[in-house]
Amino acid sequence: MPAPADLGGELIGVPEGADLDLDLRLESVSEGVLVSGTVTGPVKGECGRCLREIDDSLAVTIQELYAYENSTTDDTADEDEVGRMQGDLIDLEPALRDAVVLALPTNPLCREDCPGLCPDCGVHWDDLPADHSHQQVDPRWASLTQLTRTEE
Ligand SMILES: [Zn+2]
Ligand SMILES: [Zn+2]
């Protein structure tokens, strides 16, 4: 199934049209159909620290009840809580969207310990020497800083 548009968040998500792999089981229950299983697909995004491209994959579990039209559940439950069958059809997209958004990180990183970019020159810390620094403190200013500190 090709991924619908806007599946994910601003920084990271499943690209529109990407190949989603649905491994779902449909179970008939008294009030409707219970859909459960996993959906896997590719994820693309941008590292929140260094803006590098993130190429990942995602697997989400879905378990959602779709009530038959005119069933008790249809009468008593809110449509936001329990999905509805539309005739013989199930609109999986809202459940999928919820599951994917929940599974995605709000602050995506290219890797757990991404050091990010040097705020002064914008170069990735990975590409900079360990002692990289832009601080050239004038000795006079340095003593002034010290003075201020003592006064506190
Ligand atoms: Zn990064
Ligand atoms: Zn720098």
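Read-outs throughout are calculated quantities, based only on the coordinates presented, and are distinct from any laboratory measurement. In this text the structure is predicted, and so the values were computed from the model without any measurement. All Cβ positions, even for glycine, are placed from backbone atoms using ideal geometry, and neighbour counts span all protein chains on display.
Dipole of the chain computed with +1 at Lys/Arg Cβ and -1 at Asp/Glu Cβ about the Cα centre; of 85, 28, 4, farthest Cα towards the positive end is 4. Could you please report the charge total around residue 5, scoring K, R as +1 and D, E as -1 over all other residues with beta-carbon less than 12 angstrom from its beta-carbon? Neighbour charge sum, excluding residue 5 itself: -2. Treating each Cα of the range 1-62 as an identical point scatterer and summing with the Debye formula, the log10 of I(q)/I(0) at q = 0.12, 0.14, 0.26, 0.30 Å⁻¹ comes to -0.38, -0.49, -1.05, -1.19.
Spacing of the modelled spin labels on residue 51 and residue 133, each 7 Å from Cα toward Cβ, amounts to 2.7 nm. A protection proxy built from the mean count of other Cβ atoms within 10 Å ranks the segments 45-51, 21-27, 106-112, most packed first, as 45-51, 106-112, 21-27. The orientation-averaged shadow of the Cα convex hull for the chain, equal to a quarter of the hull surface, comes to 15.1 nm². When 85, 1 are sorted by how many other C-beta atoms sit within 10 angstrom of their C-beta, beginning with the fewest, the order is 1, 85. With the convex hull drawn around the C-alpha atoms of the range 23-104, the volume per residue stands at 88 Å³. Once the Cα atoms are used to define both axes, helix 139-151 deviates from the longest principal axis of the chain by about 70 degrees.
Roughly how big is the chain's charge dipole about its Cα centre, with Cβ charges of +1 (Lys, Arg) and -1 (Asp, Glu), in debye to the nearest 20?
In total the dipole reaches around 800 debye.
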